[in-house]
Every structure is written in structure tokens, then in C-alpha cells.
Amino acid sequence: MKDRQEPGDLQELGDVPIAEFRKQLHELADWIADYREKIGERPISRNVQPGEILSQLDRDAPEIGTPFEKIFPDINRVIVPGIAHWAHPQFMSYFGCTTTNPGILAEIITGALNVNAMTWRTAPAATELETLVLDWLRQWLQLPNEFTGVVYDTASISTMHALATAREQIAPNTRKLGLSGRDLPRFRIYTSDQAHSSIEKGAIALGIGEDNVQRVPSDAEFRLEVAALRAMVERDVAEKFKPLAVVATVGTTSTANVDPVPEIAKICREHKMWLHIDGAYGAGLALLPECKSITAGWNEADSIVVNPHKMLFVPLDFSALYMRDIGRLRRLFTLAPEYVHLRDPDKTEINYMDYGVQLGRRFRALKAWVVWRAFGREGIAARIRDHLRLANLLVDWIKADKRFELAAPVVMPVVCFRFVAADKDKIDILNSEIVERINASGRGYITQTKLRGRTVMRIGLGNILTTEQHLRNVWQLIQRTAGEIASRAARPESASK
Ligand SMILES: Cc1ncc(COP(=O)(O)O)c(C=O)c1O
């Protein structure tokens, strides 16, 4: 390709020449390996202001082509410094980041193949690999044989499809007739006050309505209160609402605790409600034999979602939805237009497009297959076990520093804690400020959340590169920052501001 094309030049047709591409790939391979090797030396993020990235980029849509050699410097100059580096070992926000080297290799191959895994015929290996990895994961989660899965992008989409199936069960023919203009009761979905907002999003998308997601209070350890659930369902029944489903969480977003699934399942059975388990984050812990207790009651569920991109080292995005009777989901969404050209007289082909709203589908199974083969269940479990060890170590450090207190029990590699050595009315604001300052420093990245109205700091460990030293670095940064902020806050002049 010419170094620079001019408007009106005769455009070369076809792809970028292969020799050029090969050279770029080799250089990119080194760039990726360097990025992974030295990621700990980078600032996790810079204090980027909204619009700052755009202001550094050419806003005119490209009329003529530019060689990759000229595009790549912009990636290094603007894009790379303009993101928070989730793969940095001191990035401890949300649920960590589970990028891995084998996962990156698989993503490169997926990009090269660029198949559309909508039907078996369009991508036989992608379809069958999806079936295979879903079965591996099902076994690792110890779900009974009758559970069958499908891969989507995110847990929000998985949960929406589970709730759509639950809705079709309770209001048959909604697929054909819709909800409006029919004599239907108001449906209710129950989930704890600690559950993820994706439940409301699903209710919004499905015409059930956000207000019909009833938030059940949680107990002192942030688990759904069963007695409160029972009372809410009974009150709704008396008031002619129709209880539709309960979403129990295994690994809640703020504190990563586990709802009492067996007791919830009992109420679901009594009231013929669908039981969906949101194990987006926490279900992965089932790979550790010593954590088997978290699977209690799963075999009574109608559906369960797990995001291997949250704990199981598969790069974003990969969400697996399992359903006890996946035929319900298939019957709800199968709609094969002529142009998709399905010919399967024996009905042996699995066409994953039949299991949801999406037609076109990425080949996500490859990265799971590569990563899980690269580490094996033992290797994955050992790494999660180490994240748990680190979380418990952090608990010890927090307990040893009287200026801090633990804000929730630690069940998974997620720790919520709070700086308390200040006037009561300043504590929330100080905790927020500590988080902001840590994140602005570029040397740590943590989250804040609210528990019972109080602001707490939250550390999630899940990055494959995070070591004890990285955690120690972040903890010392928190201690130092908290000390500085608290002494400034205690000065009389700042009190008057
Ligand atoms: C418990 C839980 N469920 C669902 C979600 C939504 O996940 P996704 O981003 O895959 O939609 C999250 C996100 O953190 C979560 O913590």
C-alpha cells in the first residue's frame, strides 16, 4: 500500500497485502507480549476528562486509506493511555479482570476466523465447541445432566432470556400475542436488595415493568431474608398480583455473599414460581471442592447464569445460561426465516440462534476451550484459591489497623471495608475521597459501594497477575491516603470549608 493515498487516486482493491500484514502481526505480537510483561509498570489510569480522547483524534470520517503503521501510533498515543487498564495487577475494582495470555491468543484466532455461530451449518465447529465447553462448565458447576446451556455476551442478557422463558410459562402465548390488551394479572419478580440491576433491566425489556421487581430485604450478612420473601409473596397473592419468579444471587455484586437458595427454592415450589440463580460472579467458586456448599439448592433451580469472564479466566465477553428444560427457551425464540436456510430433516443440528433474540453470534467458545485446556480445572481452582487467600490476608491487615473496619463477611475474593477514624458525619465522604484519590494515583484502582446507606471501599481480586506484593502495595496506598485525608479533614480550616 502507498504510504499516503491522495483523494481521487485509483484505490487498490482487495485486502492489505499479506506480506505487509505478516510484518504487522509480528510487530503486534511483540507489542502484546510487552504489554502483558510490563503492565504492572504502567499507570492504571490517567485522570482523563470527558471529551479529552475525542479532542486528540481526527473527527473527519476517513475518505482515503491510511496504512496501519500510521494508525498504530495513535493507538499508543491516545487509546492506550486513555483507558483504565483492567488487566493491571493492581486494578482491584468490580470483579477483577480475568484476561489471560491463552485467552488473548484465542481472541486473535477468533478474529482471524470471524465466523458467525448462528447456525450449525454456518459454523459447525463453533457450534459443537460451544456445546462442549458448556458441558465442561456444567460438570464443573455440578449441575445435573438435564441442565443445558447457551452462551450469550453478558449476564444481563442471560437473565433476560431466563425471565422471558419464565414469563412464557406463566402467560402462555405471550410470544404470539404479547402482553397488552389481554386479561393478565400484574406479574411480580422478587430479588434481594443486594441483587444486580440487570433484574430490573430484564423486567423493563420484557414489559413486566421495573416496579414489579420487588426488592426483598437482606439480613445482617447481606443475604436475602427468606421470611421477608415469604411475606411479600403472600401479600402479593392476597392483592391479586401473580408471583412469576425469584432471582437468588450467588455472589452478590457488592459483598459477594450467597442467598439461601434451598429455602428460596421451597417458596418457589409452593407458589409455582420460576427460580433463576444469578451466579454471574460467584458460581465459578463451585470449581473448588472445598466451596461445594455454595451449590446448595442449585439442582432445584429452573435456570442459572454464570459469567466465566468474571471468575473463570475467559476474556470478556462470555456468559453461560443453563436451563433445566432448555426446550422452553428454544420454543420461545425459534424463528427461522427463509434466508437463513435451515435444512435439518433429522433435527439433530443445534442452531444456537434459536435460543435467544440474537441472530448473528460471535465464536465465543474458542477462548473458553483454549483457556480451560491451558489451565485445567486444577489450575483454575488453584488460582481462585489464591485469590481467596489474598482476600483473607487483606482481612487480617484491616483487622490489625484500628482505623479501619470490615464492612461485610468475606465469602469470595471480595472485601468491603471502611475507614472509620474520623468524625461520624465525615466518614462517608472520606471513604469516597480515599477511593477517588487511589484511583487518580494510577497505582491502584478500587471501587466504592453503599451498604445500608454507608459508603464503603471494596476490593475485588480476580486478576491472574495479582500477587501478595501487589495487594500489599494497594493496601499501603490506602493506609497512607486515608491518613493524609483524615489529618487534613481534622484541621480546623478544612472543617469550616
Ligand atoms: C451478580 C451480578 N449479576 C449480573 C451482573 C451483570 O453482568 P453483565 O455485565 O455480564 O451483564 C453483574 C455485574 O457485575 C453482577 O455482579
Dmax and Rg, reported as Rg then Dmax, of the chain (C-alpha, Å): 25.1, 82
Spin-label model distance (nm) - Ile108 vs Gln358, 7 Å beyond Cα toward Cβ: 2.4 nm
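Using 0.36 nm times the number of residues separating Ala296 and Thr467, minus their current alpha carbon distance, what extension gain do you get?
On the way: separation 171, 0.36 × 171 = 61.56 nm, distance 3.11 nm.
In short, 58.5 nm is gained.
Charges only on Cβ, +1 for Lys and Arg, -1 for Asp and Glu: so what's the dipole of the chain about the Cα centre, in debye to the nearest 20?
Numbers: 63 positive and 62 negative charges, 262 e Å.
Computed about the Cα centre, the dipole is about 1260 debye.
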Largest-first ellipsoid semi-axes for the range 107-251, taking √(5λ) over the Cα gyration tensor eigenvalues, angstrom: 33, 21, 14
Residue pairs, from the table Lys399/Lys426; Lys201/Lys242; Lys240/Lys292; Lys266/Lys399, whose Cα atoms sit over 27 Å apart: Lys240/Lys292; Lys266/Lys399
For the chain, calculated [θ]222 nm from helices alone, where every DSSP H run of n ≥ 4 adds -39500 (n - 2.57): -13000 deg cm²/dmol
Estimated distance in nm for a label pair at Ala440 and Tyr35, the labels positioned 7 Å out from Cα along Cα-to-Cβ: 2.8 nm
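Counting other Cβ atoms within 10 Å, keep those with at most 13, restrict to DSSP loop, and tell me which GluC sites (Glu not before Pro) in the range 60-165 are left. The partial results should precede the final answer.
On the way: sites: Glu63, Glu69, Glu107, Glu128, Glu130, Glu146; in loops: Glu63, Glu146.
When the GluC sites (Glu not before Pro) of the range 60-165 are filtered for loop state and at most 13 Cβ neighbours within 10 Å, Glu63, Glu146 remain.
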Virtual paramagnetic centre 7 Å along Cα→Cβ of Leu25, amide N under 12 Å, in the range 99-137: 108-113
Between the range 63-86 and the range 282-340, the alpha-carbon center distance in angstrom: 36 Å
Candidate lysines for bridging to Lys367, where Cα separation is under 24 Å - those fewer than 8 sequence places away on the same chain excluded: Lys38, Lys310
Environment charge of Ala33, counting only residues whose C-beta is closer than 15 Å and scoring Lys/Arg +1, Asp/Glu -1: -3
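Using the count of nearby Cβ atoms within 10 Å as a rough guide to exposure, how do Thr131, Thr455, Thr467, Thr191 rank from fewest to most? Walk me through the numbers before you get to the answer.
Values: Thr131 16, Thr455 20, Thr467 13, Thr191 26.
Listed from fewest to most nearby Cβ atoms, that is Thr467, Thr131, Thr455, Thr191.
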Alpha-carbon centroids, the range 146-184 and the range 37-56: separation in whole Å: 41 Å
Net dipole in debye of the range 116-362 [+1 Lys, Arg Cβ; -1 Asp, Glu Cβ; about Cα centre; nearest 20]: 580 debye
Centroid-to-centroid separation of the range 419-433 and the range 206-280 [C-alpha atoms, Å]: 33 Å
Semi-axis lengths, Å, the range 1-130, gyration tensor of Cα atoms, sqrt of 5 times eigenvalues: 28, 26, 16
Taking N as its residue count, the alpha carbon Rg of the range 398-494 over 2.2 N^0.38 Å: 1.06
Note, ³J(HN,Hα) from phi for the range 192-199, Karplus 6.51, -1.76, 1.60, rounded to Hz, x at Gly and Pro: 7, 5, 9, 6, 7, 5, 4, 5
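Determine the gain in length on full extension of the stretch Leu177-Thr449; use 0.36 nm per residue of separation and subtract their C-alpha separation, reporting nm with one decimal. Intermediate results must be reported in sequence, preceding the final value.
Numbers: separation 272, 0.36 × 272 = 97.92 nm, distance 4.15 nm.
This chain segment gains 93.8 nm when fully extended.
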Dipole-positive endmost among Ala112, Cys416, Phe363 within the chain (Cβ charges, Cα centre): Cys416
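Rounded, prolate or oblate: which fits the range 216-341, taking a ≥ b ≥ c as square roots of the Cα gyration tensor eigenvalues, rounded meaning a/c under 1.5, else prolate when a/b beats b/c? Kindly include the intermediate steps, with their values, before the conclusion.
Working: a/c = 2.21, a/b = 1.14, b/c = 1.93.
Oblate, because a/c is 1.5 or more while a/b does not exceed b/c.
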Area projected by the alpha carbon convex hull of the range 116-362, averaged over all directions, nm²: 13.7 nm²
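Stretched out fully, how many nm does the piece from Arg121 to Arg59 gain, at 0.36 nm a residue minus the Cα gap? Display every interim value, and only then the final one.
On the way: separation 62, 0.36 × 62 = 22.32 nm, distance 4.06 nm.
Working it through step by step, the gained length comes to 18.3 nm.
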Charge sum, other residues only, whose C-beta stays under 10 Å from Ser218's C-beta, Lys/Arg counted +1 and Asp/Glu -1: -2
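Sorted by mean Cβ packing within 10 Å, highest first, what order do the peptides 223-230, 135-142, 54-61 take? Intermediate values should be presented prior to the final figure.
Values: 223-230: 19.5, 135-142: 17.1, 54-61: 8.6.
Averaged packing, sorted descending, gives the order 223-230, 135-142, 54-61.
Quick note: the coordinates plus some simple rules give every number you see, no bench work behind them. Nothing here was measured: the structure is a model prediction, and the numbers come from that model. Please note: Cβ atoms are built from the backbone with ideal geometry, for glycine as well, and neighbour counts cover all protein chains shown.
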